[in-house]
Amino acid sequence: MQKHLLSFRRAAALPLFALTAISIHAQPASFASLPQLPFDTAGPVLRAPAQPQKPFTVAGPRGVLVGQQDGTLEAWVLPVKLLSHLAIEARIQGYTVPIDVNAQAAQVEVRPDRTILTYSHIGFTVRQIMFVPPAGNPAPGLAATGPVVLFEFDCLHPTDFTFRFTPNLAWMWPQRNEGTPGVEWVAPDPRNPAAAHSFYAFHTDYPDLAAALTIPGAEPGILAPYQERPRDYPVELKLHIDPARDHGRLFPLLMAVGMNPATATNAALGATLAQLNTQIPALYASQAQTYKDLLAHSVSIETPDHSLDEAFQWAVLSIEQLKTHVPNTDETALVAGYYASADSARPGFGWFFGRDALYTLYAVNGYGNFALSRAELEFLIHRQRADGKIMHEYSQTAGAIDWQQFPYEYAAADSTPLFLLAMADYVRATGDTAFLAAHRDAVEKAWSFETDPAHDTDHDGIYDNSQGTGWVESWPGGMPHQEIYLALLDQQASSAYAYLQTQLKDDAKAKAAEQRATTLAKTINTEYYDSDRSCYAFSRNVDGSLDRTSTIYPALAWWDPAGGKAILDHTENCLRQFVASPLNTDWGTRDVANTEKIYDGMSYHQGSVWPLFTGWAALAEYRANQPLAGYQLLKENANLTRAQDLGADTELLSGDFNIPMGRSTSHQLWSSAMVITPTLRGLFGISIDAATKTITVNPHLPASWDHATLHNISIGGQTIDLLFTHSGAQTTVKVLGENPAHIKLATTLPGANSFHDGQLLIERPAVEVEPEFSAPLPGARTESLRVLNETRADNRLTLTLEGPAGSSFRLPVFVNSHLRKLDVNGAQLQPPTDTEKQHSNVPQLIATGSLPAGQGFQTLTVTLTW
């Protein structure tokens, strides 16, 4: 990691006395270390041994730290990359071996308000505590700040720590940059008490971008005078730790960036660092309170599956951490995710992405942050194109450049129908028709764009890919003309627009849009159904022929169907395919089946696993009354909470091995959302109509659960809990909270008793099973048993199982009512083991057996009759 300490272009402009001044030994800094802060220890926490190749992310509205769990990181004061390749070396007094501190990384600990990396050596323990405070506008004349990094040193002997880093000072791509910054050490000015501090200043050739960095008590590394032969020297901060003096104190890495001429001066940067130094305790207090309030008011779940409870809670936190200030505006919006940028100038998908956010708003509405939903919708509306198209990609530096010269902003066709869907979901969840009325013009323009005959180039009535990418951005043989993905979104957006017009009291427009939705559903069934594969084709060509590649995209039919009505006529085999081994792995769902010639599990669009797809498929299975498949898919996403970037779900994984792609954005917005939405809308079957204060519940809870609670559901201006209790042959759903009588419960499940006394009684099946499923090991191939289909008839449950040839299986069987006998075909029945008796609801029997011998995956039918 070599950088010029003082670039030639800047050194040549400095007078000789200045060069001499910055070359002498630095005077003591005025900045101060801090006493211990009252860190919150009551909230949720994830801990794991540090794994150097695994990433971590610490994100907030105005900054982000992205790095590896050995502590190497890059720091962004958004939208500027300040530094990268941070590394630490230690030299213990009397111990002559230099110590690579990063190699001593022992543990990563993630909490809602901070992340801690612990380095452990026989001579010291160092804790690196990181957080990004809530957004706040810099005071006039002060530079911008972002991440806070605190170092706590517990040393046996006096120890010298050297911090080395690469100064970047680069705008997020694609704003232009000026190359390697010049670096100078600003020493205290004894003639000016206001400048009694020392720090590194990074400069460019222009007066509108500069930065400052220091650690209280630190001195600079090599400071070569201008007269010396040119060469690269490392940029270093050297900090001496005296155990008697410094034990228990916190040493902040102070960082600031000036992004205009007034704040890019050394005086402004020094003043900013000084203020930051004193404000850190208050910033942390605000940070801790922000996340306490978030958890206190967001929906959470309490179930016998504690790993799912945990994954749900961290998914909420993951989404909230991606709220980002839009530079040069008063707006806040969601970025798609973060990952290390390395030698580039974009930290993963660290832009504002339209469709990523619009899919995520279903989760945001689900856990109840309606202010965030409004902010995101307004952000997109403010950038709606004149013809009505909704944007997809917007860099954090887009406002400072001619963004229109780049092809990204309106490259996607699906953002426009997704906008209509998300607007309708927000209005249903909140009853906020005033917001809808205020943005009626944006809705009308989006609808006009989507239904423009010019955007239906084959004249089948369906919006097609002529307006940009639907899902895939590359495809063998050429880009598709009309993907079923886009066709299904168009159909559902038509129903969403009809709903919105109903809320706006325009019955004529509502009726016309609903008729269009009905017509599109018929057209999709006619044009896309592939009778040879008993499912629906990937895309339709302009000549009417089909690309029959087996994909996950038909699962979009269940994303937001109006009134829960099925769009597709032929669904049974599609649902089997979503969870079968050609498409599904133990860590999620591929987009293309591994039986296809174009399949490549290392590719981006022809076989990789995306948690997004897994969420689509999980919701489809639940809504099509296939809860065993739905739960497996949901758990595949939930298991990713601890798989890579602790507390966040990654963007994509290999289609063949349980390992994220090397380029996978590790803290990905919609991946975390796909834990929340299938849980609330699939597992619990929740649908809210705030205007009528009605909650529809169609629960598909696992048979082993005896209870579950949804906390903090917001509906019609009040907050309630929902308690689910399994007892015998019934599930009871009860509203808890103030004025429960004001809330109406409803269900569309058969066998439900009428709602009365704040309770809804739902009849349970007489016999249920619950397959065993555990998280796959890193690098594993798919090997789990799965239930492809469950069919119920009078006194009969038929299961189609799939698993590796010759593998054995165990199916816990739960009997919910008195039976005279229970018979099984395709398996054997035996009593549960002592371990299985530890379930919250003990299975009465275990069905055991083996899959047929042969090659690959085999299927078997098991039938229970009573």
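Give the residues of region 445-484 that are crowded, with 17+ Cβ neighbours inside 10 Å and either free of Cβ contacts under 8 Å to residues at least 12 places away in the same chain or under 30 Å from T696 (Cα atoms) (or both), sorted by residue number.
A446, W447, D456, I484
Any chance region 740-752 includes a residue that's small (G, A, S) and at pLDDT 90 or above?
yes
Identify all residues within region 321-343 that are more than 23 Å from G258 (Cβ to Cβ) and over 17 Å from the mean Cα position of the chain (by Cα); write none if there are none.
Matches in region 321-343: A342, D343.
Please work out if N795 is in contact with a helix residue (DSSP H, G or I) (Cβ under 9 Å, 6 or more places away or on another chain), of a type in the set (S, T, N, Q) and either open to solvent by less than 20 Å² (accessible area, probe 1.4 Å) or on the phi > 0 side of the Ramachandran plot (or both). Show your work before the answer.
On the way: in contact with a helix residue (DSSP H, G or I) (Cβ under 9 Å, 6 or more places away or on another chain): no; of a type in the set (S, T, N, Q): yes; either open to solvent by less than 20 Å² (accessible area, probe 1.4 Å) or on the phi > 0 side of the Ramachandran plot (or both): yes.
Here the answer is no, as N795 does not meet what is asked.
Are any residues in region 551-580 in contact with a strand residue (DSSP E or B) (Cβ under 9 Å, 6 or more places away or on another chain), of a type in the set (G, A, S) and surrounded by fewer than 24 Cβ atoms within 10 Å (Cβ to Cβ), and if so, which ones?
G564, A580
Residues are listed down the side, and each one gets a yes or a no for (1) open to solvent by less than 30 Å² (accessible area, probe 1.4 Å); (2) in contact with a helix residue (DSSP H, G or I) (Cβ under 7 Å, 6 or more places away or on another chain); (3) under 14 Å from M172 (Cβ atoms); (4) not charged (D, E, K, R):
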site: F312; (1), (2), (3), (4): yes, yes, no, yes
site: V316; (1), (2), (3), (4): yes, yes, no, yes
site: Q321; (1), (2), (3), (4): yes, no, no, yes
site: T324; (1), (2), (3), (4): yes, no, yes, yes
site: N328; (1), (2), (3), (4): no, yes, yes, yes
site: T332; (1), (2), (3), (4): no, yes, no, yes
site: Y339; (1), (2), (3), (4): no, no, yes, yes
site: S344; (1), (2), (3), (4): no, no, yes, yes
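Looking at region 734-754, which of its residues are under 23 Å from Q626 (Cβ atoms) and either without any contact (Cβ under 8 Å) to a residue 24 or more places away in the chain or surrounded by 15 or more Cβ atoms within 10 Å (Cβ to Cβ) (or both)? Reasoning before the result, please.
Taking region 734-754 as the starting set, the residues that turn out to be under 23 Å from Q626 (Cβ atoms) are 746-752.
Passing the criteria: A746, T747, L749, P750, G751, A752.
Based on what the data block shows, is A264 outside any helix (DSSP H, G or I), in contact with a helix residue (DSSP H, G or I) (Cβ under 6 Å, 6 or more places away or on another chain) and on the phi < 0 side of the Ramachandran plot?
no
So if I check each of A375, A411, A398, which one is more than 24 Å from D560 (Cβ to Cβ) and in contact with an Asp or Glu (Cβ under 8 Å, 6 or more places away or on another chain)?
It is A398.
So if I check each of F349, F353, which one is within 17 Å of the chain's Cα centre (by Cα), surrounded by fewer than 24 Cβ atoms within 10 Å (Cβ to Cβ) and over 25 Å from P44 (Cα atoms)?
The conditions single out F349.
Checking P158 against (1) without any contact (Cβ under 8 Å) to a residue 24 or more places away in the chain; (2) touching an Asp or Glu at 6+ places or on another chain (Cβ under 6 Å), which single condition isn't satisfied?
The number of the failed condition is (1).
Find all pairs meeting these conditions: Cβ atoms under 7 angstrom apart; at least six residues apart or on different chains; first residue within region 169-187 and free of Cβ contacts under 8 Å to residues at least 40 places away in the same chain; second residue in a loop (DSSP other than H, G, I, E, B).
From residues that are free of Cβ contacts under 8 Å to residues at least 40 places away in the same chain, the pairs are E178/T204; E178/D205; E178/Y206.
So Y622 passes all but one of these: (1) buried (at least 24 other Cβ atoms within 10 Å of the Cβ); (2) more than 21 Å from L489 (Cα to Cα). Which condition number does it fail?
Every listed condition holds for Y622 apart from (2).
Out of region 80-110, which residues are out of contact with any Leu (no Cβ under 9 Å at 6 or more places or on another chain), part of a strand (DSSP E or B) and of a type in the set (A, V, I, L, M, F, W, C)?
Result: A87, I88, A90, V97, I99.
Could you list, in sequence order, the residues of region 560-618 that are in a helix (DSSP H, G or I) and at pLDDT below 95?
Passing the criteria: A562, G563, G564.
For region 599-619, what are the residues that are crowded, with 21+ Cβ neighbours inside 10 Å, over 20 Å from the mean Cα position of the chain (by Cα) and small (G, A, S)? Spell out how you get there, then give the answer.
First pass over region 599-619, keeping only residues crowded, with 21+ Cβ neighbours inside 10 Å: 606-619.
Subsequent filtering for residues that are over 20 Å from the mean Cα position of the chain (by Cα) retains 606-607.
Across region 599-619, the qualifying residue is only G607.
Restricting attention to region 201-214, report how many residues are out of contact with any Pro (no Cβ under 7 Å at 6 or more places or on another chain) and open to solvent by less than 80 Å² (accessible area, probe 1.4 Å).
Residues that pass the stated criteria total 7.
In the list P765, P832, which residue meets the criterion of being open to solvent by 40 Å² or more (accessible area, probe 1.4 Å), in contact with a strand residue (DSSP E or B) (Cβ under 7 Å, 6 or more places away or on another chain) and within 20 Å of S704 (Cα to Cα)?
Being open to solvent by 40 Å² or more (accessible area, probe 1.4 Å), in contact with a strand residue (DSSP E or B) (Cβ under 7 Å, 6 or more places away or on another chain) and within 20 Å of S704 (Cα to Cα) holds for just one of P765, P832, which is P765.
Check off (1) farther than 30 Å from D656 by Cα; (2) at pLDDT 95 or above; (3) open to solvent by less than 30 Å² (accessible area, probe 1.4 Å) for T731 and give me the number that stays unchecked.
(2)
Which one of these is under 26 Å from H85 (Cα atoms), modelled with pLDDT of 95 or more, of a type in the set (A, V, I, L, M, F, W, C) and surrounded by fewer than 22 Cβ atoms within 10 Å (Cβ to Cβ): I241, I280, I222?
I280
Within region 122-148, which residues are buried (at least 19 other Cβ atoms within 10 Å of the Cβ) and part of a strand (DSSP E or B)?
F124, V126, Q128, I129, M130, F131, A144, V148
The values are calculated or read from the model by the stated rules, or taken from the named source; none is laboratory data. All figures in this text were calculated on a predicted structure; none of them were measured in a lab. Virtual Cβ from ideal backbone geometry, glycine too; neighbours counted across all protein chains shown. Ligands, DNA and RNA are excluded from the accessible area calculation, which covers all protein heavy atoms including side chains. Shrake-Rupley method; radii C 1.70, N 1.55, O 1.52, S 1.80 Å.
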